[in-house]
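Undergrad: Structure in structure tokens, see below.
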Amino acid sequence: DEEFDELCFEFGLELDEITSEKDIISKEKGEEKAKGASDVVLYKIDVPANRYDLLCLEGLVRGLQVFKERINLPRFEKIIPAEGEGQRLIITEQTAQIRPHAVAAVLRNITFTKDRYDSFIDLQEKLHQNICRKRSLVAIGTHDLDTITGPFTFTAKAPSEIKFKPLSQSQEYTASQIMDLYRTDSHLRHYLHLIENKPRYPVIYDSKGVVLSMPPIINGDHTKITLNTRNVFIECTGTDITKAKIVLDIIVTMFSEYCEKPFTVEAVEVVYPNGKTHIYPELAYRTEKVKPEYINKKVGISETPSSLAKLLTRMCLKSHVTGNGSHIEIEIPPTRADIIHACDIVEDAAIAYGYNNIQMVIPKTYTIANQLPLNKFTELLRLDLAAAGFTEALTFALCSQEDIADKLRTDISATKAVRIANPKTAEFQVARTTLLPGLLKTIAANRKMPLPLKLFEISDIVVKDPNTDVGARNYRHLCAIYYNKSPGFEIIHGLLDRVMQVLEVTPNEENGYTIKAAEGTAFFPGRCAEVFAKGQSIGKLGVVHPDVITKFELTMPCSVLEINIEPFV
């Protein structure tokens, strides 16, 4: 296991965990539910989102074998059948409004086993979730070719005109009934919205009117693949032709190894509404040229051109040196749709070289990083507040609307709060405009602790500000709270004096700090003061209003100080 973990890391993947179905269920739902689950060992491997060729066992093993230099990368071959013998897929103009593109291919004389079949279905599911964007861009259909006769027609019809027996069902339904049938299906209901409000639904027929599939929802039961299937017809329909070609290429390159002639794919002719034809799959190989010094410079290594070519060949990019070592010519196989630019080639060279083998060097730029003054100031203040006997709390930057409005006896419109458009929970609806609710909630969660509770927090609050480019502004606030049988206003006042003392701000009106009686909705009448420093109001201190205390489910009085510390930086 450790060796495999290391191999994955070297290849640029991450072995997430080694587990089993039983372990997973018992972690999530408890041991009772896990009884009877399989304890076959499962490897969870994290694959980068752009490497579609590693999404199934076949591709992953092939990639690792090439990386270990045990096999050479196979050469994929497209076989074009003799005139009139190949399969054709005819696209009609009705599809233009809904899913205009389709590509297809045939895998001849393939041999399935249970594991191969599971992997085949699994890969389609992974592609659907990933590059196909939950089937919105591309939908894949695979069919037993021996149960149908070409040429095939990809068209769009009114839902009432389409009638067939969907996969794993026992009777025929019209397209509208199928939609109702799958509305409660945990897996398929997520795809219904893609076509359900359209006047016509896409559908693929064979020459005898047998329905192959109604993309992107469900295949017909007639053409379903079994372990005995020998010839597979693959069609990908979609709204994005580039993605459809990539998906088709990936499926045929991954599973053509099980064909009688390994790594060969039979081409299908696609006929467009305007009469033009195109042969798919494209299985296009292309060459790129990169200078060895470009790779060396970008990665920070100094390898010879021939060893760079060897590194790239191990990453499934067959390479050789040309022009007396001035260039490396790289052949990009159809499995590697993620190679778009030279930098993708450089990345693969770096992975093959091994990130851990790249020598660490001090950057040539002479800049010494410094802590942001506001953060440095915050760190120093935290130490002094802790020395004054207060405990630091860190609370969420998001809270519910009532935390900053109703519970503090103020109106939400007066808070200038930044709202979240689609909050996941009621607890996180707005960005906090004051640190007080967070500390009051912290005390509520720690009511069993011995009194007095003395807490503080120095963090950012967020308010709307139309004058900034993002429409909001952060302020660094200091909030301290004292919770005991008596309000302890003098303790909070003493803390304010101590903070000013360490900031070397003197208590006078000219250029120091003063406090003046004020009113605040969250404070007890006549027990609130505003703090002025450097000629501006920086916050308030006082005894919290009894209504606020009860709304936060507390029972004792408490006093609080909240000031903006940015003027002192």
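The values are calculated or read from the model by the stated rules, or taken from the named source; none is laboratory data. Just so we're clear, the structure is a prediction, and the values are computed from it rather than from any experiment. So basically every Cβ, Gly included, is an ideal-geometry build from the backbone, and we count neighbours across all protein chains shown. Surface areas here come from the heavy atoms of the whole protein model, side chains and all, with no ligands, DNA or RNA. Shrake-Rupley method; radii C 1.70, N 1.55, O 1.52, S 1.80 Å.
Undergrad: I'm spelling it out carefully: the read-out is semi-axes √(5λ) of the Cα gyration tensor in Å, the candidates are (i) 41, 30, 25; (ii) 48, 34, 23; (iii) 63, 34, 23, and one was derived from this structure. Which label?
TA: Read-out from the structure maps to (iii).
Undergrad: Just to confirm the filter: which chymotrypsin sites (Phe, Trp or Tyr not before Pro) across the range 331-431 are DSSP coil and have at most 16 other Cβ within 10 angstrom of their Cβ?
TA: Passing both the DSSP loop test and the Cβ count: Tyr366, Phe396, Phe428.
Undergrad: Please figure out what share of the DSSP beta bridges in the range 373-568 is antiparallel and state it in percent, rounded to the nearest 5.
TA: 95
Undergrad: The range 442-548: which trypsin sites (Lys or Arg not before Pro) are DSSP loop and have at most 12 other beta-carbon atoms within 10 angstrom?
TA: For trypsin sites (Lys or Arg not before Pro) across the range 442-548 that sit outside H, G, I, E and B with at most 12 neighbouring Cβ atoms in 10 Å, the list reads Lys448, Lys485, Lys534.
Undergrad: Please work out the average accessible area per residue across the range 121-164, using the 1.4 Å probe convention, and give it in Å².
TA: 38
Undergrad: Mean residue ellipticity at 222 nm from the helices of the chain, using -39,500 (n - 2.57) per DSSP H segment of n ≥ 4 over the full residue count, to the nearest 500 deg cm²/dmol?
TA: Helices in the chain give a 222 nm mean residue ellipticity of -8000 deg cm²/dmol.
Undergrad: Sketch the reach of a paramagnetic label on Thr242 as a point 7 Å from Cα along Cα-to-Cβ, and name the residues of the range 306-345 whose backbone nitrogen lies under 20 Å away.
TA: It comes to 332-345, nothing else.
Undergrad: Pairwise over distinct Cα atoms, reciprocal of the mean inverse distance: report the Kirkwood radius of the range 77-280 in Å, one decimal place.
TA: 16.9
Undergrad: Moving to a separate point now. Between the range 307-384 and the range 242-284, how many Å separate their Cα centres?
TA: The distance from the Cα centre of the range 307-384 to that of the range 242-284 comes to 34 Å.
Undergrad: Something else: Keeping all protein chains in position, work out how much accessible area Val321 exposes to a 1.4 Å probe, and write it in Å² to the nearest 10.
TA: Roughly 60 Å² of Val321 is accessible to a 1.4 Å probe.
Undergrad: From the mean inverse distance of alpha carbon pairs (Kirkwood) and the Cα radius of gyration, derive Rg over Rh for the range 373-568.
TA: Rg/Rh: 0.94.
Undergrad: OK, next. How high is the FRET efficiency from Leu394 to Thr304, r the C-beta distance, R0 45 Å, rounded to 0.05?
TA: Efficiency for this residue pair is about 0.30.
Undergrad: Counting other Cβ atoms within 10 Å, keep those with at most 10, restrict to DSSP loop, and tell me which trypsin sites (Lys or Arg not before Pro) in the range 159-258 are left. Walk me through the numbers before you get to the answer.
TA: Values: sites: Lys163, Arg183, Arg189, Arg200, Lys208, Lys224, Arg230, Lys243, Lys245; in loops: Arg183, Arg200, Lys208, Lys224, Arg230.
Passing sites in the range 159-258 are Lys208.
Undergrad: Kindly sort His493, His143 by accessible area of their heavy atoms, largest first, with the probe set to 1.4 Å.
TA: Highest to lowest solvent-accessible surface, that is His493, His143.
Undergrad: Separate question: Nothing charged except the Cβ atoms of Lys and Arg (+1) and of Asp and Glu (-1): what's the magnitude of the dipole of the range 373-568 about its Cα centre? Round to the nearest 20 debye.
TA: Values: 22 positive and 23 negative charges, 98 e Å.
Its charge dipole is roughly 480 debye.
Undergrad: Give me the percent of accessible area attributable to carbon and sulfur for the chain, probe 1.4 angstrom.
TA: C and S fraction of accessible area: 51 percent.
Undergrad: Treating the beta-carbon of each Lys and Arg as +1 and of each Asp and Glu as -1, no other charges, what is the dipole magnitude of the chain about its Cα centre, to the nearest 20 debye?
TA: In debye, rounded to 20, the chain gives about 940.
Undergrad: Of all the C-alpha pairs in the range 446-532, what % are more than 18 Å from each other?
TA: 62
Undergrad: Explain nothing, just the number: relative contact order of the chain, from Cα pairs under 8 Å at least 6 residues apart, as a whole percent.
TA: Relative contact order of the chain: 11 percent.
Undergrad: Starting from the Cα gyration tensor of the range 1-46, take the square roots of the eigenvalues, sort them a ≥ b ≥ c, and report rounded, prolate or oblate (rounded when a/c is under 1.5, otherwise prolate if a/b is larger than b/c, else oblate).
TA: Cα axes put the range 1-46 in the prolate bin.
Undergrad: Over the range 301-446, with the other protein chains present, what is the accessible area per residue in square angstrom, probe 1.4 angstrom?
TA: In whole numbers, the range 301-446 has 57 Å² accessible per residue.
Undergrad: Please compute the contact order of the range 286-357 in relative form: average sequence separation of alpha-carbon pairs under 8 Å and at least six residues apart, divided by the residue count, as a percent.
TA: 36
Undergrad: In percent, what relative contact order does the range 1-46 have, based on Cα pairs under 8 Å that are 6 or more apart in sequence?
TA: Once normalised by length, the contact order is 43 percent.
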